[in-house]
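Below you'll find the structure, written out as structure tokens, and then a few comments.
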Amino acid sequence: MNDHAMANREHKVDHLDQRFHGPPVPVLPPVEQPGAASRRVADPYALCCRAFRVLTIVAIAVGVVALVLWLVSLPSALKAYVDAAELTRFDLGNDGKQDQLRYNLTVAVSIRNPNRDQAVLYRRLEAVALYGGERFGYVDFPRMRQGRKSTMVIRPSFRGQGVLTGASAATAFRRDKERGFFNIIVKLHTRVRLKAMIFVDSVEYRPDMDCYIRVPDPSNATAVALGFTATRCHVDGFL
């Protein structure tokens, strides 16, 4: 490199080190990226979406916890037994037009509340007696309360006479008369609420109790000697 070129280079370098006295260089605004404005507008929507998701998760968690607690505290079904049944009269006569059933039946039904945390409030309790598929007796009980893990005994008594309109009832009577035992159904219809605390009642349940009993014919000495066998009833649950 000759001396003239080196001198030109040094002159250019020295020129760069000198202060610039020209007009100020304008500062350009930052370039806005495409979609930035739409993102700023969508921020409130995004926040609402996040809040909705959080609330949904919380609601689901609360629902799961409530379901688990409900399943854990689900009450057990009542239990019922016919401990005794006494039939002092059960005759079928005909007045020339209809079959007349004359009856005198008393049963002792024990109802067990197995729940440790819930008492039972009986808003309705009625007993119905049926024979041959036909109803012949009815007893209505007053409202009552049954405590936790307790057993109560009710004694519905059916007395009177009624008309049996179906041929099946007359046929069943003749058959049972020969065998010495009458097959009778006693149904208990209930409307109950469960009380877990002093001021908290459950929704209303309607469990029914179906008791199929075999009662000795009072005019048959052999059957009376054999006696009545205690019977467990079928009881609907609280679901």
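The values are calculated or read from the model by the stated rules, or taken from the named source; none is laboratory data. Keep in mind it's a predicted model, so treat the numbers as computed, not measured. Methodologically, a virtual Cβ is constructed for each residue, glycine included, from the backbone with ideal geometry; neighbour enumeration extends over all protein chains shown. These area figures cover heavy atoms from the full protein model, side chains too; ligands, DNA and RNA do not enter into them. Shrake-Rupley method; radii C 1.70, N 1.55, O 1.52, S 1.80 Å.
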Next item on the list: Tell me which residues, restricted to the range 108-122, are part of a strand (DSSP E or B) and surrounded by fewer than 21 Cβ atoms within 10 Å (Cβ to Cβ).
Entry: A108, S110, R112, A119, L121, Y122
Notebook entry, point to check: Do the conditions hold for V82, that is, is it in contact with a Cys (Cβ under 6 Å, 6 or more places away or on another chain) and part of a strand (DSSP E or B)?
Noted result: yes
Next item on the list: For the range 133-141, state whether one or more residues are open to solvent by 30 Å² or more (accessible area, probe 1.4 Å), at positive phi and either outside any strand (DSSP E or B) or polar (S, T, N, Q) (or both).
Entry: yes
Notebook entry, point to check: Can you tell me which of L125, L130, L105 is open to solvent by 20 Å² or more (accessible area, probe 1.4 Å), of a type in the set (A, V, I, L, M), touching a residue at least 12 places away in the same chain (Cβ under 8 Å) and touching a Lys or Arg at 6+ places or on another chain (Cβ under 9 Å)?
Noted result: L130
Notebook entry, point to check: Looking only at residues in the range 78-102 that are small (G, A, S) and over 15 Å from M152 (Cα atoms), which one is surrounded by the fewest Cβ atoms within 10 Å (Cβ to Cβ)?
Noted result: G96
Next item on the list: Report, ordered by the first and then the second residue, all pairs with beta carbons closer than 8 Å, sequence separation of six or more or different chains, a first member in the range 147-175 that is part of a loop (DSSP other than H, G, I, E, B) and open to solvent by less than 70 Å² (accessible area, probe 1.4 Å), and a second member that is at pLDDT 85 or above and hydroxyl-bearing (S, T, Y).
Entry: P156/T106
